[in-house]
Amino acid sequence: MPDASERSAMLFSSETERLNILRFLQILHAKTDDLNDLSRWSRGGLMGRPGGSRYADFTRCRDVAAECWAFSIVIERRIDLYHGPGRDGLQTQFDRLTVTIWSVLMETSLRFLEALAGEPHLPLGSREIFVREIKTLYDSRKFLEDPRFTGLVDGATHRRQDQAARILEAIVERAPALLEFSPA
């Protein structure tokens, strides 16, 4: 049985770790705000604007999302290892932020696929982007259907999930033709 000083050290260590996780969650929250801002900005029609920089908004959005995912791995690991007070609250905050990231990614993928579909000629590298965005739609839809996130997914996200399902079904039906990017 630990003595008083050992118990005090364990409590201090636990509180320090909780504060570190909270600090990381705040940073991730700021990053998800950046991701939301980029997504809202690109929603204003900028993603589909003509010119050489039409995919720059999409790329920036994907880069910030990648930063969010990298940081999420660190946070998830710390929460998994943390067994102190307030763990459930930390997990709930993390889950909310994770749902936000997936929701924004799904919306961005949907918009980007719509923009690609409207292009008369697909730019170089489109096939790779197209395939990656199909995977993002699939992953986000699957992730957001997880029962542990039921109360965290809003109505708008459910509608986007349905839209993603319809797009994925259409893609699966037309997959061979859609993945052929050579001129007819």
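Quick note: the coordinates plus some simple rules give every number you see, no bench work behind them. Fair warning: this is a prediction, and the values are worked out from it, not measured in the lab. Cβ placement follows ideal geometry from the backbone for every residue including glycine, while neighbour counts extend to all protein chains displayed.
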- Item | Volume of the Cα convex hull of region 69-109, divided per residue and given in Å³ | 52 Å³
- Query: Taking the mean number of other Cβ atoms within 10 Å as a proxy for protection, how do you rank 128-138, 84-94, 145-155 from highest to lowest?
  - Reply: 128-138, 84-94, 145-155
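Could you work out how much longer the chain between Ala156 and Glu114 gets when fully extended? Use 0.36 nm per residue separation minus the Cα distance between them, nm to one decimal. Don't skip to the answer; put the middle values down first.
On the way: separation 42, 0.36 × 42 = 15.12 nm, distance 1.78 nm.
13.3 nm is the gain from fully extending Ala156 to Glu114.
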- Which net charge results for the neighbourhood of Gln26, defined as the other residues with beta-carbon distances under 14 angstrom from its beta-carbon, given Lys and Arg at +1 and Asp and Glu at -1? +3
